[in-house]
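The structure appears right after this line, and notes come after that.
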Amino acid sequence: MNKYIHLIDLNDYPVSWWKLLLELAHEIREDPAAYSEACKGKIMGTLFYEPSTRTQMSFQTAMLRLGGTIIGFDNPATSSVAKGENIKDTTKIVSGYADIMVMRHPTAGSVKAAALTAECPIINAGDGGHLHPTQTLTDLMTLNEEKHTLENLTIGLCGDLKNGRTVHSLIKAMSCFKGNKFVLISTKELGLPAYMKDILAASGHGYKEVRSLDDAIGELDVLYMTRIQRERFNSEEEYMAQKGFYILDRKKMANAKRDMIVLHPLPRVDEIAIEVDDDPRAKYFDQAKYGMYIRMALILTIINHNSRPAPLVTGRTIPKAKCSNPKCITNQELYLPRYFRGSGDTVICEYCDERTLI
Ligand code: NCD
């Protein structure tokens, strides 16, 4: 039994738990002063192996606004990682110093790998192209506050649906609410991975894949724009071939519903023209601010340990099996136990969720 409330994947917890976080975040936003000493004496360690502005700073601000303090690194080159230290050792050490850790890493499954041996709770702040649960909490809070519902929405997701971890986490979460429909807007090359389509199909929600943002925009309640994830491409040529394909501008916005909202996890590169910022339907800057309140609620809930931890692993070890995903942490840090779930010839890697043939 796992004793800490780690947050690796939002779907490890029931929707009722997400709703408690959303309610607490709403209360904190109404009266932040009431929470200004709620984490007094507590320390948060932030381990950012990848660049970040919003996620890192909103976590840090959240802890400081709760009266706690922070330690950590934002550049692995200035930590012992540069000397070749593995994830297990780094996170084991920091978890002995801190009460809660937040980790971002370029490799899928890395935060779950850290959680296996961490001695304090750990939060996934993005593991490669896999998941980003706290961005999804941010997105849920934005929808809750701006649309006043998480149900019966037609949600368009546009851009890099293959590598965009925010898209994967958001689809997993929104497919837990009734009546939502998904319009997947991407090039063929950057479409949603097969394992994500499996999840969508299993949830019974309708979805369609389209190439044109112009054709889709009129039917949407929410448009979730994303950046083409340059750092996840195998070559610069492949990135250049995909760049600049989808650009939301004033002209496209003219065909959208009057109450459609535009979200973006940010940073934006060129996929939303600056002219859209003044449109009242553009909510991406508000979204970033909601992220701070929901992270305050999350830290508080985890530190107070007032909910039940989710099991970290639900499957079994298959020592001879090798995850088929070259970007999975088990193919980089070879000491990790190889956990898979499911039975038959095709099993699912517990770290990165990719299918593997055994
Ligand atoms: C996102 C991320 O890191 O996945 N940014 C964020 O956390 N707000 C999106 C991105 O980098 O494109």
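The values are calculated or read from the model by the stated rules, or taken from the named source; none is laboratory data. Just so it is clear, the structure is predicted and the values come from calculations on it, not from any experiment. Note that each Cβ is placed from the backbone with ideal geometry, even for glycine, and that neighbours are counted across all protein chains shown.
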Inset, instruction - Scan GLY128, GLY159, GLY164 and give me the residue that is within 12 Å of the ligand (Cβ to nearest atom), more than 14 Å from the chain's Cα centre (by Cα) and in contact (Cβ under 8 Å) with a residue 60 or more places away in the chain. - result: GLY159
Inset, instruction - Determine whether the stretch 54-64 contains at least one residue that is part of a loop (DSSP other than H, G, I, E, B) and within 25 Å of LYS112 (Cβ to Cβ). - result: no
Inset, instruction - Report yes if some residue within the stretch 121-129 is farther than 21 Å from GLU238 by Cβ and not in a strand (DSSP E or B); otherwise report no. - result: yes
Inset, instruction - Mind telling me which of the residues ILE100, ILE70, ILE93 ends up being in contact with a Leu (Cβ under 9 Å, 6 or more places away or on another chain) and in the same structural domain as ALA113 (by TED's automatic domain parsing)? - result: ILE70
Legend entry - LEU157 in contact with a strand residue (DSSP E or B) (Cβ under 7 Å, 6 or more places away or on another chain), within 21 Å of LEU200 (Cα to Cα) and part of a strand (DSSP E or B): yes
Inset, instruction - Test LEU223 against the stated conditions and say whether it is more than 13 Å from the ligand (Cβ to nearest atom), within 22 Å of the chain's Cα centre (by Cα), modelled with pLDDT of 95 or more and at negative phi. - result: yes
Legend entry - Scan of the stretch 253-293 for residues that are closer than 23 Å to HIS168 by Cβ and either over 24 Å from the mean Cα position of the chain (by Cα) or away from the ligand (no atom under 16 Å from the Cβ) (or both), ordered by number: MET260, ILE261
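For every residue, the table says whether it meets (1) among the aliphatic types (A, V, I, L, M); (2) within 16 Å of the ligand (Cβ to nearest atom); (3) loosely packed, with under 14 Cβ neighbours inside 10 Å.
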{"site": "VAL183", "(1), (2), (3)": "yes, no, no"}
{"site": "TYR207", "(1), (2), (3)": "no, no, no"}
{"site": "ILE217", "(1), (2), (3)": "yes, no, no"}
{"site": "GLU231", "(1), (2), (3)": "no, yes, yes"}
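Inside the stretch 186-205, can you point out the residues that are within 16 Å of the ligand (Cβ to nearest atom) and of a type in the set (A, V, I, L, M)?
Here is the first cut: in the stretch 186-205, the ones within 16 Å of the ligand (Cβ to nearest atom) are 186, 190, 192-193, 196.
Of everything in the stretch 186-205, those that are within 16 Å of the ligand (Cβ to nearest atom) and of a type in the set (A, V, I, L, M) turn out to be LEU190, LEU192, MET196.
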Legend entry - Qualifying positions in the stretch 172-198 - closer than 20 Å to ASN152 by Cα and out of contact with any helix residue (DSSP H, G or I) (no Cβ under 6 Å at 6 or more places or on another chain): MET174, PHE177, LYS178, GLY179, LYS181, PHE182, LEU184, LYS197
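From the list SER169, SER186, which residue is among the small types (Gly, Ala, Ser), at pLDDT 95 or above and under 26 Å from ALA98 (Cβ atoms)? Steps first, answer last, please.
On the way: SER186 fails: under 26 Å from ALA98 (Cβ atoms).
Being among the small types (Gly, Ala, Ser), at pLDDT 95 or above and under 26 Å from ALA98 (Cβ atoms) holds for just one of SER169, SER186, which is SER169.
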Legend entry - Elements of type strands (runs of 3 or more DSSP E) contained in the stretch 252-358, each with 1 or more residues being without any contact (Cβ under 8 Å) to a residue 24 or more places away in the chain and outside the structural domain of VAL111 (by TED's automatic domain parsing): 346-349
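Does the stretch 137-144 contain any residue that is hydroxyl-bearing (Ser, Thr, Tyr), in the same structural domain as MET174 (by TED's automatic domain parsing) and crowded, with 24+ Cβ neighbours inside 10 Å? Walk me through how you get there before you give the answer.
Narrowing the stretch 137-144 to residues hydroxyl-bearing (Ser, Thr, Tyr): 138, 142.
Add one more test, that the residue is in the same structural domain as MET174 (by TED's automatic domain parsing), and what stays is 138, 142.
Cutting the leftovers down to crowded, with 24+ Cβ neighbours inside 10 Å gives us 138.
Yes, some residue in the stretch 137-144 is hydroxyl-bearing (Ser, Thr, Tyr), in the same structural domain as MET174 (by TED's automatic domain parsing) and crowded, with 24+ Cβ neighbours inside 10 Å.
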